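Written out below as structure tokens is the structure these notes cover.
Just so you know, all these numbers are worked out from the coordinates, no wet-lab data involved. Because the structure is a prediction, the values reported are computed rather than measured. Because the Cβ atoms are built from the backbone with ideal geometry, glycine has one as well, and the counts that use them run over all protein chains shown.
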Amino acid sequence: MSRLRRRRKKKFSAPTARPSPCLRRGRKRSRRLLDQVHAEDQEEAIGLHEAIEAAVAGHDQKSLTEAVRSLKELLFFVEGN
């Protein structure tokens, strides 16, 4: 197979959902804060962690992006109080 064909093949392959270093840091931060937040926020954080893990396992980039955005918002709110 020529180089051009390999490049094209790679270029159009399905995107993969991988945890980035930023995502890993965010999950660590939220896990550290779990004991310090209200029960509702704990449940939400745990649900978001599960959603992130499921999105990564299922290679679902859209769901991963949404869950990460929600986790960032939760962390901003929790760390600000």
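State the dimensionless ratio Rg/Rh of the stretch 16-80 (Rg: radius of gyration of Cα atoms; Rh: Kirkwood radius).
Here Rg/Rh amounts to 0.96.
With charges only on Cβ, +1 for K and R and -1 for D and E, what is the dipole size of the stretch 16-80 about its Cα centre, in debye, rounded to 20?
Roughly 520 debye for the stretch 16-80.
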